[in-house]
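Here's the structure, in structure tokens; my notes come after.
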Amino acid sequence: MTTPEEKFQALIDAEEKVEPPDWMPEGYRKNLIRQIAQHAHSEIIGMQPEGNWISRAPTLHRKAILMAKVQDEAGHGLYLYSAAETLGVKRDEMQELLHQGKHKYSSIFNYPTLSWADMGAIGWLVDGAAITNQVMLTRCSYGPYARAMVRICKEESFHQRQGYEILIRLCQGTSEQKEMAQDALDRWWWPSLMMFGPHDSESTHTEQSMEWKIKRVSNDDLRQQFVDMTVPQAEYLGLEIPDPELRWNPERGHYDFGEIDWEEFWRVVKGNGPMNRERLEHKVRAWEEGTWVREAAAAHAAKKAARAA
Ligand code: 3HC
């Protein structure tokens, strides 16, 4: 007599998708709520660093592109909150957990955006790292999450390309502009590698997430994919990656690279990064100031439902 857990694992092993009405182990549901909610929070908080430069974009053309990108991120957050809600969690609950510091968001968004070149580095590196991770998630065993990723990845590739194009323009510009691009790479390179999480040996969730095919590629392997893809792009720009140990390893067929500063990683993840406080204060203020919008939308929906009844 097979148990529900055995039946569930057989479905996972057969590469079938788990859908909202299906039976699932409580641990699977909880793990997905954790990851999808944090992913959604990252998209929403991630609007702040770039939003900071919309009013200071160098041209109307660049302003329009940056506005479109930031609006896309809001949409990604909404898809992901909707995917999390199919697991039985409420949107307000997830917001509360974020505001209380009980839900995380990606450490990368706790760094300041100091120059226009940062808009290029974020598109190129942060969205590039996000794409590396999210293409993998399109094969996630949970249907709503995998499907949300398909659309998000299409929009992310525009985000990555517009960022890289900003840097191409700067690197082909004046020496000051090229220095600005190099400074941005120096500040965003290592925090981008941190987006993939701790080493596999230190990861809390990787083993179980791989068994449930939530995660299809490990943190370290995805990080390696990202480094291998990005180093030639930096070379094309004529920029130097701030890692003296970076070198091509022909035996491995990959780039060897230096060790991440894990003390910095955990400091930022635990809330003590350069911008953690500002990011969360801004998020809570926006949530509170937006109460009237939510109340008006709920009142409208209730009136519409009453008329239809
Ligand atoms: N920032 C903050 N927390 C991190 C982190 C990071 N860079 N890397 C890992 N963590 C946390 C994990 O959440 C976990 O804590 P928790 O148990 O409280 O949730 C702990 O560190 C241990 O890490 P694990 O490797 O065990 O955790 P995961 O198996 O969840 O792997 C992950 C981490 C690879 C980030 C995975 O959660 C994931 O793939 N998430 C979905 C993708 C995502 O969230 N990307 C964030 C960026 S979104 C973005 O960039 C938007 C773009 O449009 C700009």
Legend entry - For q = 0.18, 0.20, 0.23, 0.25 Å⁻¹, Debye-computed log10 I/I(0) when each Cα of segment 106-178 counts as one equal scatterer: -0.73, -0.83, -0.97, -1.05
Inset, instruction - Please list, in chain and number order, the residues 5+ apart from HIS254 or on another chain whose amide H is under 5 Å from its amide H, with Hs placed from the backbone. - result: ASN249
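Above 32 Å lies some portion of the pair distances; for the chain, what is it as a whole percent of all C-alpha pairs? The partial results should precede the final answer.
On the way: 14728 of 47586 pairs.
In whole percent, the long-distance tail amounts to 31.
Which value, in Å to one decimal place, does the Kirkwood hydrodynamic radius take for segment 195-309 when every pair of different Cα atoms is included? Provide the component values of the computation, followed by the final result.
On the way: mean 1/r = 0.0531 Å⁻¹.
Result for segment 195-309 stands at 18.8 Å.
Sort the following peptides by mean Cβ neighbour count (other Cβ atoms within 10 Å, averaged over residues), highest first: 100-112, 8-20, 123-135.
Details: 100-112: 18.3, 8-20: 14.3, 123-135: 24.3.
In decreasing order of mean packing, 100-112, 8-20, 123-135 become 123-135, 100-112, 8-20.
Tell me the per residue accessible area of the chain using a 1.4 Å probe; a whole number in Å² is fine.
Numbers: 15440 Å² over 309 residues.
Here the per-residue accessible area is 50 Å².
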Legend entry - Listed pairs LYS17/LYS213; LYS154/LYS213; LYS30/LYS213; LYS104/LYS215; LYS283/LYS304; LYS102/LYS283 exceeding 20 Å between Cα atoms: LYS154/LYS213; LYS283/LYS304
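Report, to the nearest whole %, how much of the accessible area of segment 93-229 belongs to carbon and sulfur atoms, 1.4 Å probe, protein only.
Numbers: 2800 of 5330 Å².
Looking at segment 93-229 in its full context, I get 52 percent from C and S.
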Inset, instruction - Mind jotting down the distance between the C-alpha centroids of segment 244-309 and segment 28-63, whole Å? - result: 6 Å
Inset, instruction - Compute the distance in nm between two label points, each set 7 Å from the Cα along the Cα-to-Cβ direction, one at ARG169 and one at MET210. - result: 4.3 nm
Legend entry - Hz values of 3J(HN,Hα) by residue in segment 292-309 - Karplus curve (6.51, -1.76, 1.60), Gly and Pro given as x: 5, 5, 5, 5, 5, 5, 5, 5, 4, 4, 5, 5, 4, 5, 5, 5, 6, 6
Legend entry - Karplus 3J(HN,Hα) series, Hz, for segment 153-165 with 6.51 cos²θ - 1.76 cosθ + 1.60 (x for Gly, Pro): 5, 4, 6, 5, 5, 5, 4, 5, 5, 5, x, 5, 5
Legend entry - Per-peptide average of other Cβ atoms within 10 Å, ordering 66-76, 41-51, 259-269 highest first: 41-51, 66-76, 259-269
Inset, instruction - Could you work out, for segment 1-156, what percent of all Cα-Cα pairs fall into each 10 Å distance bin, beginning at 0 Å and stopping at the bin that holds the largest distance? - result: 10, 36, 31, 15, 6, 2, 0
Legend entry - Rounded to whole Hz, the Karplus (6.51, -1.76, 1.60) HN-Hα couplings of segment 191-197, x for glycine and proline: x, 5, 5, 5, 4, 7, x
Inset, instruction - Compute the FRET efficiency between GLU278 and ASP183 as 1/(1 + (r/R0)^6), taking r as their Cβ-Cβ distance and R0 = 22 Å, and round to the nearest 0.05. - result: 0.55
Inset, instruction - Only helical DSSP H runs with n ≥ 4 go in: add -39500 (n - 2.57) per run for the chain, normalise by residue count and round the 222 nm mean residue ellipticity to 500 deg cm²/dmol. - result: -21000 deg cm²/dmol
Legend entry - Estimated inter-spin distance, ARG34 and SER82, nm [label 7 Å along Cα→Cβ]: 2.7 nm
Inset, instruction - Would you pull out the residues with amide H under 5 Å of VAL18's amide H, same chain only if 5 or more places away, H placed 1.01 Å from N? - result: TYR142, GLY143
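The values are calculated or read from the model by the stated rules, or taken from the named source; none is laboratory data. Quick caveat, the model's predicted, so the values are computed rather than measured. Virtual Cβ from ideal backbone geometry, glycine too; neighbours counted across all protein chains shown. For the accessible areas, the whole protein counts, side chains as well, though only heavy atoms, and no ligand, DNA or RNA atoms are used. Shrake-Rupley method; radii C 1.70, N 1.55, O 1.52, S 1.80 Å.
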